[in-house]
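Worksheet: the structure to be examined is printed underneath.
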Amino acid sequence: AQRVTQPEKLLSVFKGAPVELKCNYSYSGSPELFWYVQYSRQRLQLLLRHISRESIKGFTADLNKGETSFHLKKPFAQEEDSAMYYCALSGDNQGGKLIFGQGTELSVKP
Amino acid sequence: ETGVTQTPRHLVMGMTNKKSLKCEQHLGHNAMYWYKQSAKKPLELMFVYNFKEQTENNSVPSRFSPECPNSSHLFLHLHTLQPEDSALYLCASSQDLDSGANVLTFGAGSRLTVL
């Protein structure tokens, strides 16, 4: 079965510290992985996807098929990074039918 | 308004009421989705429409009835709901299910409370 696990409900770091939000998935085929973000009072929006291999707002994520992980990283956290982060998976030919993790709340303190 | 618009933003209803949630997008997308976001649970996919045809019903109870009259509009008709149906209902759209463009654009959600 397809499943996305985000083991941390809350991650609290100080400004300037490195941050890593963990995401592990379970899927037998070739998944497409995403990170979505929801800032306070804003709607859920795409942060990045693994096939783009981009760095967005200083965040990067590498798909590790051996470890079935897609952890989100940023070397120096900023206060404006505080938000809910959701990891999501789309299976083969599944289009936009995403399976979401439970989300991790990132709190960056000054 | 651009993007995905959902109305109403908040809805309170009794268990015997009938109400509808509306979603509208002006992005030229052909796939539309209903997701349910409950407290302490991941977003759950409910229904998917591709070019107005329903392609997914994720074991959703029949008290939820979707309708997609055209590629720009999506409704979720509600009747005889239960208190546990209280949640944030999110509408989303994407280009379509076949192009490989799997990025979803979400609406702000409709917060439903069932008394």
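The values are calculated or read from the model by the stated rules, or taken from the named source; none is laboratory data. Remember, it's a predicted structure, so these values are computed and weren't measured experimentally. Quick reminder, even Gly has a Cβ in these numbers, built from the backbone with ideal geometry, and neighbours come from all protein chains shown. With ligands, DNA and RNA removed, areas are computed over all heavy atoms of the protein, side chains included. Shrake-Rupley method; radii C 1.70, N 1.55, O 1.52, S 1.80 Å.
Structural remarks
- Count - residues of region A:30-79 that are within 14 Å of chain B (Cβ to nearest Cβ) and of a type outside the set (A, V, I, L, M, F, W, C): 15
- Some residue of region B:17-30 being in contact with a Lys or Arg (Cβ under 9 Å, 6 or more places away or on another chain) and open to solvent by 50 Å² or more (accessible area, probe 1.4 Å): no
- Check on A:Pro7, farther than 16 Å from A:Ala83 by Cβ and open to solvent by 50 Å² or more (accessible area, probe 1.4 Å): yes
- In region A:44-58, the residues that are outside any loop (DSSP other than H, G, I, E, B) and open to solvent by 60 Å² or more (accessible area, probe 1.4 Å): A:Gln45
- Taken together, the residues in region B:28-56 that are over 15 Å from A:Gly95 (Cα atoms) and out of contact with any strand residue (DSSP E or B) (no Cβ under 6 Å at 6 or more places or on another chain) amount to 4.
- Contact map, region A:85-110: first residue within 10 Å of chain B (Cβ to nearest Cβ) and at positive phi, second residue buried (at least 22 other Cβ atoms within 10 Å of the Cβ) and among the small types (Gly, Ala, Ser), Cβ cut-off under 8 Å, separation 6 or more or different chains; pairs are A:Gly95/B:Ala31; A:Gly95/B:Ser94.
- Restricting region B:77-100 to residues that are facing another protein chain (nearest Cβ under 8 Å) and of a type in the set (A, V, I, L, M), the residue that is most open to solvent (accessible area, probe 1.4 Å): B:Leu97
- Complete set of residues in region B:1-16 that are in contact (Cβ under 8 Å) with a residue 40 or more places away in the chain and open to solvent by 60 Å² or more (accessible area, probe 1.4 Å): B:Thr7, B:Arg9, B:His10, B:Val12, B:Met15, B:Thr16
- Qualifying positions in region B:31-56 - open to solvent by 70 Å² or more (accessible area, probe 1.4 Å) and either among the aromatic types (Phe, Trp, Tyr) or in contact with a His (Cβ under 8 Å, 6 or more places away or on another chain) (or both): B:Phe51
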